[in-house]
1. Rolling a 1.4 angstrom probe over the protein heavy atoms, how many square angstrom per residue are accessible across the stretch 221-311?
2. Could you run the Debye sum over the Cα atoms of the stretch 257-315, one equal point scatterer each and no solvent, and tell me log10 of I(q)/I(0) at q = 0.14, 0.20 Å⁻¹, two decimals?
3. Which distance in Å, rounded to a whole number, links the C-alpha centroids of the stretch 278-327 and the stretch 34-74?
4. Can you compute the helix-only [θ] at 222 nm over the chain? Use -39500 (n - 2.57) per DSSP H run of at least 4 residues, normalise by all residues, nearest 500 deg cm²/dmol.
5. When the distances between all Cα atoms of the chain are binned every 20 Å from zero, what whole-number percent does each bin get?
6. So what's the net charge close to Lys67: Lys and Arg +1, Asp and Glu -1, counting the other residues with Cβ under 11 Å from its Cβ?
7. Within the set of other residues whose C-beta is less than 13 Å from the C-beta of Met83, count the net charge using Lys and Arg as +1 and Asp and Glu as -1.
8. Net charge within 10 Å of Phe182 by Cβ-Cβ distance, Lys/Arg positive one each and Asp/Glu negative one each, not counting Phe182 itself?
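The values are calculated or read from the model by the stated rules, or taken from the named source; none is laboratory data. Predicted model only: the values in this text are computed from it and were never measured. Quick reminder, even Gly has a Cβ in these numbers, built from the backbone with ideal geometry, and neighbours come from all protein chains shown. Ligands, DNA and RNA are stripped out before the accessible areas are found, and what is left, the full protein with its side chains, is counted by its heavy atoms. Shrake-Rupley method; radii C 1.70, N 1.55, O 1.52, S 1.80 Å.
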Amino acid sequence: MKIAFVGKGGSGKTTLSSLFIRHLAAQQAHVVAVDADINQHLGVALGLDDDEAAALPAMGAHLTLIKDYLRGTNPRIASAETMIKTTPPGEGSRLLRVREDNPVYDACARTVRLDDGEIRLMATGPFTEADLGVACYHSKVGAVELCLNHLVDGPDEYVVVDMTAGSDSFASGMFTRFDMTFLVAEPTRKGVSVYRQYKEYARDFGVSLKVVGNKVQGQDDLDFLREQVGDDLLVAVGHSEWVRAMEKGRPARFGQLEEHNRAALRALQAEADASYGRRDWERYTRQMVHFHLKNAQSWGNAKTGADLASQVDPAFVLGEPAAEVSAPQPA
């Protein structure tokens, strides 16, 4: 399952996504975690020290490698230079699987060992001095979108993405790439404002959205969230001494996380697992093509000098059957 954590800045989405990742690892699930936030804090939240987190390879720095690998033998894609973030796979493309080893993971992922398991961690990379004043952060997450467009996942396989804050996710089609989106909201007017934006923008795309109430201190906070978001409220998370210790760099073993918070994580996993039975690969592929054609017309054709609409393979549907016949890995 592909799962996004979104919310306004400071809502606690990185903390909650890291707890969920730890929970999945403790269940011995297969997990690829992706830090796609403009503030790169997921690695530290998963226990890396500052130097280790800073040493994570930036996906954007390996974009050419990613494009060359995913292009495979697809005859509709003349070169890596004509691929953009929305380029969809077709016959001959190489598809990514969660459990495999491949050159993309070799270059962009690092294994992080947690108390009760291990995960693969990938990161878009932070802004550099050269980016300041001239680069848009969405150019950084293009590598993530391209990988998600070529990824096929099955049961007991999870891709968890800590997204950029607020409604910035809607600047690309990446918000449609997930089976489940968890929106982290504090019990305040500002806290639920992002929920309203997300709900409105996602309405026409079939995005499965559930709210995780965070920093909930009592019944009044819970009542406020229920009044504002209704049945979209899945769980509420309160104070955690375990999280406080983790944020100081002195976490206890994950098994000592408070039971009410562990129960919340089990509810998140149950909701994510249920999304597997509802997934519609044909709709997923149609939406991918929809955003590719929009980007091609808006800027992609001019930038690449190619007709990017011709990259669309009308007979191709992304899914587990397609993964069985994707191009082999390079020798």
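1. For the stretch 221-311, the solvent-accessible area averages 56 Å² per residue.
2. Debye intensities relative to I(0), on a log10 scale: -0.60, -0.77.
3. Rounded to whole Å, the Cα centres lie 23 Å apart.
4. So the calculated ellipticity at 222 nm is -11000 deg cm²/dmol.
5. For the chain, the binned pair fractions read 32, 59, 9, 0 percent.
6. +1
7. Once all neighbours under 13 Å are counted, the net charge is +3.
8. Around Phe182, the surrounding residues sum to +1.
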